[in-house]
Amino acid sequence: MQKIHAVLLSICVSMCSLAGCLGGNEEISDDLFPSFETVADDGNTYSLDSTNGPFIAIFSAEWCDNPCHSTMHNIWEYQEGLQVYVFSTDPDENPRNISLSDWKESADNYDDEYDENGQIADEGVTLDTYKFMKGHDVGLEIGIDRPGHVLFVNSENVITYDHKGILDDQGLIQEKWEEASA
């Protein structure tokens with residue numbers, strides 16, 4: 001009986017840790033996006049001062065494939081080329097031996113289709129304008145410590161919307177992008 005209780009407790013704890021990934025809690029925010037300066041997957045340094053206009057900040061992690069990759073692709077499908085920064089909430093450097101460039105490649109490959117020989121039959125989209133970077137400290141400054149948040153940020157660096165969980169509603173993406181861009 002104790003083993004059953006231990007297993008159930010373990011399952012409950014695991015489910016609670018995924019709440020940010022799976023939930024659909026949305027909220028409006030008036031917080032400022034914190035200052036940051038970090039090197040991204042392309043080897044360039046990005047900072048809050050280098051952002052140009054509104055942007056989207058996705059808080060994910062190197063090891064989070066789905067629903068994180070699905071959210072990234074849903075935003076791309078709404079409008080490719082948006083200014084998107086993908087921040088890792090994992091404090092470890094190269095967690096699970098996944099580098100920033102490996103992480104971006106994995107996200108890019110999410111929608112690729114392969115033939116029976118393992119060759120790419122349809123490459124899908126390439127998230128070429130997205131910047132993948134470490135962001136544990138940035139996330140902590142605004143209360144984010146795990147994957148599963150998408151923030152829309154206006155040109156004054158005000159967080160206009162915080163979406164928790166998978167973001168797959170094209171109408172909502174459009175609405176929140178237009179609000180951040182106004």
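The values are calculated or read from the model by the stated rules, or taken from the named source; none is laboratory data. Model, not experiment: these values are computed from the prediction. In this analysis, Cβ positions are derived from the backbone assuming ideal geometry, glycine residues included, and neighbour counts consider all displayed protein chains.
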Matching residues in the stretch 92-128 - criterion: being modelled with pLDDT of 95 or more and either farther than 16 Å from residue 60 by Cβ or part of a strand (DSSP E or B) (or both): 97
Whichever residue in the stretch 109-136 is of a type in the set (Phe, Trp, Tyr) and under 15 Å from residue 71 (Cα atoms) and, among such residues, is surrounded by the fewest Cβ atoms within 10 Å (Cβ to Cβ): 110
Scan of the stretch 125-177 for residues that are among the small types (Gly, Ala, Ser) and under 24 Å from residue 112 (Cβ atoms), ordered by number: 148
